[in-house]
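Report on the structure given below.
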Amino acid sequence: MDARKLLDALLIAERLKDTTRHCYTAKGRHESVAEHSWMMTLMAFFMRDEFPEADMDKVIRMCIIHDLGECFTGDIPSFEKKQSDEHIEEELLNGWVKTLPVPYAEEMANLYEEMNARETVEARIYKAIDNLEAVIQHNISDLSTWIPKEYELNLVYGEDKVAFSEYLTKLRAEIRKDTEKKLNQ
């Protein structure tokens with residue numbers, strides 16, 4: 001990628017460092033979208049051996065780019081996000097992606113299409129990781145930072161996304177145990 005194009009792309013992506021999510025870190029500050037994406041990517045890295053049939057490098061790429069639309073809209077929690085919010089985010093993201101050099105724009109557009117369709121094992125793994133990371137981060141954060149609906153949501157969030165995988169189902173069960181322990185403290 002041309003040096004100027006790279007710097008321009010990074011200038012946009014850097015916004016995710018300051019775009020906060022509704023979740024908190026262990027030390028009590030809002031988590032950034034960039035931190036969420038990083039943790040997802042690390043999860044995918046550690047799960048590589050669990051999915052020999054999957055292209056886990058593609059999953060890692062999906063994790064890296066999945067929330068770039070939030071550079072333009074900010075984070076809207078999944079339980080508050082409306083179809084109109086998703087449409088606006090998608091339009092702004094697609095407009096930006098089209099400004100990237102062709103090989104990158106094409107790869108990203110193809111990845112977003114695959115991620116949205118969730119028909120491949122890679123897209124299903126990415127989406128499961130996205131949901132699970134949010135629950136894990138809630139378990140790490142102080143219970144005082146949770147809003148009332150998260151007490152129940154943290155027990156079930158992502159179950160539908162992990163059902164295709166025995167490994168992810170077991171991981172979800174372990175995460176639920178952590179939630180139950182936290183709620184019973």
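A short reminder: the numbers here are calculations on the coordinates, not readings from a lab. Quick caveat: nothing in here was measured; it's all calculated off a predicted structure. Neighbour counts run over all protein chains shown; Cβ positions are idealised from the backbone, glycine included.
Projecting the Cα atoms of Y157, V97, A128 onto the charge dipole of the chain (Cβ charges, centred on the Cα centre) puts Y157 farthest toward the positive pole. Using the average count of surrounding beta-carbon atoms within 10 Å as a protection proxy, the listed peptides 10-17, 123-130 rank, highest first, as 123-130, 10-17. Taking a ≥ b ≥ c as the square roots of the eigenvalues of the Cα gyration tensor, an a/c ratio of 1.5 or more together with a/b no larger than b/c marks region 60-170 as oblate. The residues neighbouring A117, those whose beta-carbon lies less than 13 Å from its own, together hold a net charge of -1 under the Lys/Arg +1, Asp/Glu -1 convention. By the helix-only formula, in which each DSSP H run with n ≥ 4 contributes -39500 (n - 2.57) and the sum is divided by residues, the chain has a 222 nm mean residue ellipticity of -20500 deg cm²/dmol. Working note: Karplus 6.51/-1.76/1.60 with θ = phi - 60° gives region 75-85 the couplings 8, 10, x, 4, 7, 10, 6, 9, 4, 5, 5 Hz, where Gly and Pro are set to x.
Apply the a/c threshold of 1.5 to the C-alpha gyration tensor of region 1-130 and tell me whether it is rounded, prolate or oblate. It comes out rounded by the Cα gyration axes. Amide H contacts under 5 Å for E31: R21, C23, Y24, T25, restricted to partners 5 or more places along the chain or on a different chain, H placed in the peptide plane at 1.01 Å from N. Applying the Karplus relation 6.51 cos²θ - 1.76 cosθ + 1.60 with θ = phi - 60° to region 99-114 yields 3J(HN,Hα) values of 7, 7, x, 3, x, 6, 4, 5, 4, 5, 4, 5, 5, 4, 4, 5 Hz, where x marks Gly and Pro. Going down the list K5/K81; K17/K81; K81/K127; K81/K149; K82/K161, which pairs span over 24 Å between their C-alpha atoms? In this structure, K5/K81 exceed 24 Å between Cα atoms. Taking label positions 7 Å along the Cα-Cβ direction at both N94 and F45, the computed distance is 3.3 nm, reported to one decimal.
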